[in-house]
Each structure stands twice: as C-alpha cells, then as structure tokens.
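Q: Here it is, the structure in full.
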Amino acid sequence: MPGGKTVALKYECQGDQVVSLRLSGDFFFHPEEGLEQLEEFMLRERLWASPDAEAAIVRFLEERGLRPIGFGPADLAYLLRGLRC
Amino acid sequence: MLRKRWRILRYEQNDAAMNMALDDAIAEAVAYRVAGPTMRFYGWEPSAVSIGRFQDIEEVVDLEQCRKLGVEVVRRSTGGGAVFHDQGKELTYSVICPEDMMPKDINEAYREVGGWIVNALKFLGIEGAFEPINDVLVNGKKISGSSQSRRKGIFVQHGTLLYDLDRARMFSVLRVPRDKMEAHDLDRAAERVTSVREQKKVPWEYVAAAMANAFIMNREWYAGDLTQDELARAEVIARMRYANDEWTFER
C-alpha cells in the first residue's frame, strides 16, 4: 500500500459459505473499534459478490465517521474480489 | 490556561503491559480532567515487542524466539507495525492531551510530533526528516516510528527513537510480512533502519535530554509525577487487557 503499509484479508469457509472475515496489517484505523464493524459489514453484505464493493465501503465509512489510514476502500474492494470458497 | 500546561513525567522503565496501561490510565485522567496534558519518556524492562492493534501476531513476531530471549510481547491499542523495544537501546515517548491541542487532521498531527523528533535529532547534530505516514528517517533509514489514537476527545501518540541497534537480535524476534519480503529480503529490511549511535556517538542521557527539550520547546510545562489513582488504574488495565492472552492473541 502507499506509505508501505500492509493489509491482509483472511477468511474462513464452511462449504461454499464465507463464515468469518478479518483484516490484519500495520495500518491505522480511527477509531480502532470501528474495524470490527467494517468486517461485520463486509461479511453481512457479502461484498465480495457486490458489483460495487468500493462504493458500499465508502458509504459505510462515511456514515459512521470511520477512517482507515494506510489503505483505502479501493484496496479492500480489490482484496474482496479475490475471495473464493 | 492550566489545562494547557504540560506535565512531563520522569523517565522510568516498566514491563510491556504496564507501559501500555499507563498510557490508557493517563488518557482517562486527562479525559476526566483530573490530569493535564502529559508527556512520558520511558523504557521497557524486560525488552519487549509491541505489535499494532490489527496485526496478526504469528505473522509479525517469532514467539518462540521471544520466549527464548525473555522478550515480552504486547498488543498495543493503537495501529501501526511491530516494534522491538530492546532494553536500553531505544527511548519511547507518549504524548497525551485533549484533541483540541493537536492538529485535527490525523496526518498533520503525525507531522507535528514527527517535527519534534526531527528537532531532537537536530539538537544532537543529526539531520532527520519526517516521512509520512508516521516515520522519521535519517539518510533514508527509519530511526523513529509512531502510532496515534483519538478516543473520547483525547489524543494519544506513542512512538520510539532508536538509540542503539542490534540488528541480528531485532530481526530474530520480528518477522517481516510476506508482501514486504517480496520487495526486499530480511537483510535489506535490517538495512532500512538506523539508530542515533550509528549516526553520532552520543551518550543516552544526551538523547533523553534532546527529546525532552524538543518536546517542551515553546510550551508551558512542569515536572510532575503519576498520581496514585493513575498508577492503580494502570495496574488494573495491565492485568485485564495488556497481560491478557485474549487481547494479545486477538488476531
């Protein structure tokens, strides 16, 4: 990522269903507690199957006043595109 | 105006959980206005690795090697990367104050405090430069990193300045994440850091004095102590959060 930050997406499958999803890395996220909300949102909305995951993430972050530093919605959308069970 | 007067705490060393818990306890005291804005300068006894709030511990720390060397591991409440706090080889600082005393923009606040570290280096005759997002570099090599949070209207930034460097020891406990390994192998990662002593042979006390002077420059301040309430609260937070495996192994 720009600024040399790392962001990784880990997920767990049961059959063909994604049952958990977690972001990790040396990025910043303000407030920190908001990252779990974002993870829950991406899982609940099955954003990997969304045609416009990036816009959905942008809206979610803006509505809740959450701010990632070291990665952006486009990076997450890119990671989600590779998600397969 | 008293609210704007900085309390500077005397240098002390603590274990990893207590070091992190003290920042939280002071932040609470500042939030409840029983303490004013505070700066801490501290060390780690024993040596420890602190990892960022969102890091996968197994990816970034060699836990077995830490056990062998007696190095503690603690998860910070702030983001950012893993840091090896080698006892006596670095100086850690915390800046804790109401949010309105620092730039509103997170990146600007990193730049502001980064500028204080650049000034400290200047006092030592070392030319440093702030490198966004959160680093200070000397000759292109990292000498200082920091991490910031804002909760309940309170700004907390902690960071380190490398005084001395045992690269083999540092990179025996830190693992470089896979994607960073692709760009540069472990030896090159080790070459990307430097220390005050590599740049200039100055005693540790000079570095501590330079940091304190740079941080208090143009600010009202006094030398203060932690209160009994802050200490007691920190002990609870250390036990319940930072020394708790549920927290440490959260990711």
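Q: Cut-off 10 angstrom, C-alpha nodes, Gaussian network model of chain B. Which of B:172, B:146, B:50 fluctuates the most?
A: Judging by the Gaussian network model, the answer is B:172.
Q: On to the next question. Are any of the pairs B:89/B:152; B:89/B:200; B:141/B:200; A:10/B:141 more than 24 Å apart by Cα-Cα distance, and if so, which? Before the final figure, lay out the partial values.
A: Details: B:89/B:152 33 Å; B:89/B:200 14 Å; B:141/B:200 14 Å; A:10/B:141 31 Å.
Beyond 24 Å between Cα atoms: B:89/B:152; A:10/B:141.
Q: Explain nothing, just the number: relative contact order of the range B:63-194, from Cα pairs under 8 Å at least 6 residues apart, as a whole percent. Write out the running numbers ahead of the final one.
A: On the way: 162 pairs, mean separation 37.6, N = 132.
For the range B:63-194, the relative contact order is 28 percent.
Q: Moving on to the next point. Give me the dipole magnitude in Debye, nearest 20, for the range B:212-251 about the Cα centre, with unit charges on the beta carbon: positive for Lys and Arg, negative for Asp and Glu.
A: Values: 5 positive and 8 negative charges, 26 e Å.
Using Cβ point charges on Lys, Arg, Asp and Glu, the range B:212-251 gives about 120 debye.
Q: Follow-up question, since we're still on this one. Under 5 Å between amide hydrogens, which residues at least 5 positions from residue B:90 or on another chain qualify, with H placed 1.01 Å from N in the peptide plane?
A: The answer is B:163, B:164.
Q: OK, next. Treat every Asp and Glu Cβ in the range B:2-248 as -1 and every Lys and Arg Cβ as +1, leave all other atoms uncharged, and give the resulting dipole magnitude about the Cα centre to the nearest 20 debye.
A: Values: 35 positive and 38 negative charges, 129 e Å.
The calculation lands at about 620 debye.
Q: Right, something else. Dipole magnitude of chain A about its Cα centre, charges +1 at Lys/Arg Cβ and -1 at Asp/Glu Cβ only, in debye to the nearest 20?
A: 200
Q: Which Rg and Dmax, in Å, describe the Cα atoms of the range B:48-176?
A: Rg and Dmax of the range B:48-176, Cα atoms, are 15.0, 44 Å.
Q: A further question follows. Work out the mean other chain Cβ neighbour count within 10 Å for the residues of B:47-56 and drop it here as an integer. Mind dumping the intermediate values first?
A: On the way: counts 0, 0, 0, 0, 1, 10, 8, 14, 6, 7.
Rounded to a whole number, the mean comes out at 5.
Q: Per residue of A:16-28, how many C-beta atoms from partner chains lie within 10 Å of its own C-beta, taken as a mean? Don't skip to the answer; put the middle values down first.
A: Values: counts 0, 0, 0, 0, 0, 0, 4, 3, 11, 12, 15, 8, 14.
Mean partner shielding for this stretch: 5.
Q: Mean-square fluctuation check for chain B, GNM, Cα pairs under 10 Å: which of B:166, B:105, B:62 is largest?
A: Looking only at B:166, B:105, B:62, the largest GNM fluctuation is found for B:105.
Q: Evaluate the relative contact order of the range B:2-248 (contact order divided by residue number), counting alpha-carbon pairs under 8 angstrom at least 6 apart; express in whole percent.
A: Numbers: 467 pairs, mean separation 68.0, N = 247.
That works out to 28 percent.
Q: Roughly how tilted is helix A:34-44, in degrees to the nearest 10 and between 0 and 90, from the longest Cα axis of chain A?
A: 30
Q: Oh, and also: How far, in degrees from 0 to 90, does helix A:53-64 lean away from the longest principal axis of the Cα atoms of chain A, to the nearest 10?
A: Relative to chain A, helix A:53-64 is tipped by roughly 50 degrees.
Q: Next up: Express the relative contact order of chain A as a whole percentage, based on alpha carbon pairs under 8 Å and six or more residues apart in sequence.
A: Values: 102 pairs, mean separation 30.5, N = 85.
Contact order relative to length: 36 percent.
Q: Report the residue, chosen from B:150, B:219, B:241, that carries the largest GNM mean-square fluctuation when chain B is represented by alpha-carbon nodes joined by springs under 10 Å.
A: In this elastic network of chain B, the residue with the biggest mean-square fluctuation among B:150, B:219, B:241 is B:219.
Q: Give me the Kirkwood hydrodynamic radius of the range B:96-251, using the inverse of the mean 1/r over all pairs of distinct Cα atoms, in Å to one decimal.
A: 17.9
Q: Can I ask one more? Using only the Cα atoms of the protein assembly as shown, what do you get for the radius of gyration and for Dmax, in Å?
A: 20.0, 62
Values quoted throughout were computed directly from the atomic coordinates according to the rules given, and no laboratory measurement underlies them. Because the structure is a prediction, the values reported are computed rather than measured. Every residue, glycine as well, gets a Cβ built from its backbone with ideal geometry; the counts of neighbours run over all protein chains shown.
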